[in-house]
Amino acid sequence: MASLRKIKERLTCSAMMMLTIASGLLLFVISLGLLLRSREILEMKPIMELLTSSVWKPGRGEFGFWPFIAGSLWVTLLSALLAVPVSLLCAVYLSEYASRTVRAIAGPVLDMLSGIPSVVFGIWGVLALVPLVKDYIAPMTGRFSSGYTVLTAGIVLAVMIVPLIVHVALSVLRSVGNDLRDASLSVGATRWQTVKLVVLRKAVPGLAAAVVLGISRAFGETMAVIMVAGNVAKAPKGLLSPAYPLPALIANNYGEMLSIPLYDSALMFAAFLLLAVVIIFNIAARLILKKMENIR
Amino acid sequence: MDNSLEISETPHLRVRGLNVYYNGHHALKNISLDIPDKKITAIIGPSGCGKSTLLRTFNRLIDTIEGVKVKGEVMIDGVNIYDPKVEVTAIRRKMGLLSQRPCPLPMSIFDNVAYGPRIHGERGRQNLRNIVESNLRHVGLWEEVQDRLHKPASELSIGQQQRLCLARGLAVEPEIILGDESTSALDPVSSKKVEERFLELKNEYTIILVTHILRQAKRLADYVVFLYMGELIEHGPAAELFANPKESLTREYLTGIIS
Ligand SMILES: Nc1ncnc2c1ncn2[C@@H]1O[C@H](COP(=O)(O)OP(=O)(O)OP(=O)(O)O)[C@@H](O)[C@H]1O
Ligand SMILES: [Mg+2]
């Protein structure tokens, strides 16, 4: 009997380990696959030139990725700038101040919002935001704009990732024990002091994870961005310029114009870049947190 | 009928007609009682009888629970702490709380003790250093931690953490110390250390302890409050109450018939 239990234990244990390794391996295999398939273009051009050149003329063999990298950075940073403070404040409110009824309503609503397909956000952007930017915001600055801009894409992405960040941040904040709040309140701290000095401090690693998750999502988002960013292969000069982020580049062009030499390889390189940035970003965030933990 | 008169000392805390409801559940029923000044009062009773609830009404931590309703009066220094004009933070700093499990704040040992004073506006570095040192000495922790004051408090042992929490509570110069089964998570040696602190501190502070260990109540308490199903059954000087309880429920509880 006992030996059977032991065998079962060992089997489940090794099965779970295999699955874990397999999913880690998958990421590695994907990265490697992308890298191999972009080898063609990497052999033709120095990598620095690919990353920094702004000339994108595939027909003439010029593959500068800078417009797309810049486009991605612009829309992602803007969306993070808009979404992160709002989400964190919202999560703090829901966790620390809202009544149980409000929380009970907010939970399912957040779930639902984070589950809305991105194409729906894209349509909302086209129908509501594009005209707003074109007819009101751009004229206010005295410029003409099609409405398909960094600003539009940034807002759409922000609206998309707010529920996601709030959702994760809220569960992080709720996991901070009430004992800790009581300890702070009982020496005469106000609620806000307790939140600021104790709860947030305790929750920093989890909140950072929520933010990283949200930003990664914005960086990789494809559909909603394609619909509203304008997709002009030039590095944006400001909020009212159009942008052409990396995911949009890949999705718009993959499978087409395969007659152009190196084009396929260039798109693979774009995908590799996308993956690499997300991975590096996640690792960097983890390392920074580790550092902070040690200081505390 | 009001056996609080039997104790000669002036009461520090006066409870009158206190009722607590959790979403309609009547957890404390019409409690009236006086807690003597500079004595150790033990609140005893079976699990779920309302001991923690009573303790939480004293520093209004009960306010943080949703759907709770409190009726009646709790008077400290002649002020009803449930008066809407009273400032909660001022009430709370009059009372140090020591919870069941030690609960160090996520910061250094030094910052834990300095937390309260800083909250209340103390900024002087030397002052803070003095406050931290004297309070850590007060709880017998100074020798053990003086050379690692800026290490995270979570690195201390559980028993040390509990004494640190006591020091944190004392640092805001409270009048009353509230303990909710404060030794139940500790090993015997650490429990003993905390108990010794209580005995020493009662010269300066009024101490109210919730405990489910009768022997601990006998060791520490000068005054005992017995609750049963949300009702105050009996209260009086410890020696008297333990030697000849007036109520049969108390007798049954003390002899272990009900628990
Ligand atoms: N937050 C709450 N919401 C609803 N009911 C509660 C809440 N806290 C306590 N109660 C109820 O109030 C009653 C008294 O609880 P309390 O925690 O004061 O008991 P206790 O004497 O401290 O018990 P124990 O010895 O187990 O700690 C119990 O019946 C409990 O179920
Ligand atoms: Mg209790």
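The values are calculated or read from the model by the stated rules, or taken from the named source; none is laboratory data. Bear in mind that the values here come from a model prediction, so they are computed numbers and not experimental data. As a convention, Cβ positions derive from the backbone with ideal geometry for all residues, glycine included, and neighbour counts pool all protein chains shown. Quick note on the areas: whole protein, heavy atoms, side chains included, nothing else; ligands and nucleic acids left out. Shrake-Rupley method; radii C 1.70, N 1.55, O 1.52, S 1.80 Å.
In table form, for the structure just shown:
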read-out: B:Ile43 long-range amide H proximity, modeled H, under 5 Å; value: B:Leu209, B:Val210, B:Thr211, B:Val225
read-out: Stretch in chain A that is longest and holds no chymotrypsin sites (Phe, Trp or Tyr not before Pro) that DSSP places in a loop and that have at most 15 other beta carbons within 10 Å; value: A:1-143
read-out: GNM result for chain A, Cα springs below 10 Å: residue of A:Leu213, A:Leu89, A:Leu77 fluctuating most strongly; value: A:Leu89
read-out: Table column - 3J(HN,Hα) (Hz), the range B:37-47, Karplus curve with 6.51, -1.76, 1.60, x for Gly and Pro; value: 6, 6, 9, 9, 9, 9, 9, 10, x, x, 4
read-out: Rounded to the nearest 10 Å², the accessible area of A:Val159 at probe 1.4 Å; value: 60 Å²
read-out: The range A:85-160: trypsin sites (Lys or Arg not before Pro) in DSSP loop, at most 15 other beta carbons within 10 Å; value: A:Arg143
read-out: Loop-located trypsin sites (Lys or Arg not before Pro) in the range B:59-99 whose Cβ has at most 10 other Cβ within 10 Å (DSSP); value: B:Lys85
read-out: Solvent-accessible area lost in complex, 20 Å² minimum, residues of the range B:93-111 relative to chain alone, 1.4 Å; value: B:Leu97, B:Arg101, B:Cys103, B:Leu105, B:Pro106, B:Met107
read-out: More than 34 angstrom apart: percent of Cα pairs within chain B; value: 17 percent
read-out: Residue-normalised accessible area of the range A:49-88, expressed per residue, 1.4 Å probe, Å²; value: 44 Å²
read-out: Ratio Rg/Rh, restricted to the range A:213-296 and using Cα atoms, in which Rh is the Kirkwood radius; value: 1.10
read-out: Per-residue HN-Hα couplings for the range A:206-221 [Karplus 6.51, -1.76, 1.60; θ = phi - 60°; Hz; x = Gly/Pro]; value: x, 5, 4, 4, 4, 5, 4, 4, x, 5, 4, 4, 5, 5, x, 4
read-out: Residue-wise HN-Hα coupling along the range A:108-124, computed from phi with Karplus coefficients 6.51, -1.76, 1.60 (Hz; x: Gly, Pro); value: x, 4, 4, 3, 5, 4, 6, x, 5, x, 5, 4, 5, 5, x, 4, 4
read-out: DSSP-loop GluC sites (Glu not before Pro) across the range B:79-146, with at most 13 other Cβ within 10 angstrom; value: B:Glu87
read-out: Surface accessible to a 1.4 Å probe, per residue, for the residues of chain B, Å²; value: 44 Å²
read-out: FRET efficiency for A:Phe281 and A:Met17, using Cβ-Cβ distance with R0 set to 30 Å, rounded to 0.05; value: 0.65
read-out: Per residue, in Å², the accessible surface of the range A:130-278 once ligands and nucleic acids are set aside, probe 1.4 Å; value: 39 Å²
read-out: Chains B and A together, accessible area buried on both sides, 1.4 angstrom probe, square angstrom; value: 1900 Å²
read-out: 5 angstrom amide H check on B:Ser108, placed H, neighbours 5+ away; value: B:Ala153
read-out: Within the accessible area of the protein assembly as shown (1.4 Å probe), percent carbon and sulfur; value: 61 percent
read-out: 5 angstrom amide H check on B:Ile177, placed H, neighbours 5+ away; value: B:Gly96, B:Thr206, B:Ile207, B:Ile208
read-out: Delta accessible area of at least 20 Å² on complex formation, residues of the range A:166-191, 1.4 Å probe, chain isolated as reference; value: A:Asp179, A:Leu180, A:Asp182, A:Ala183, A:Leu185, A:Ser186, A:Val187, A:Gly188, A:Ala189
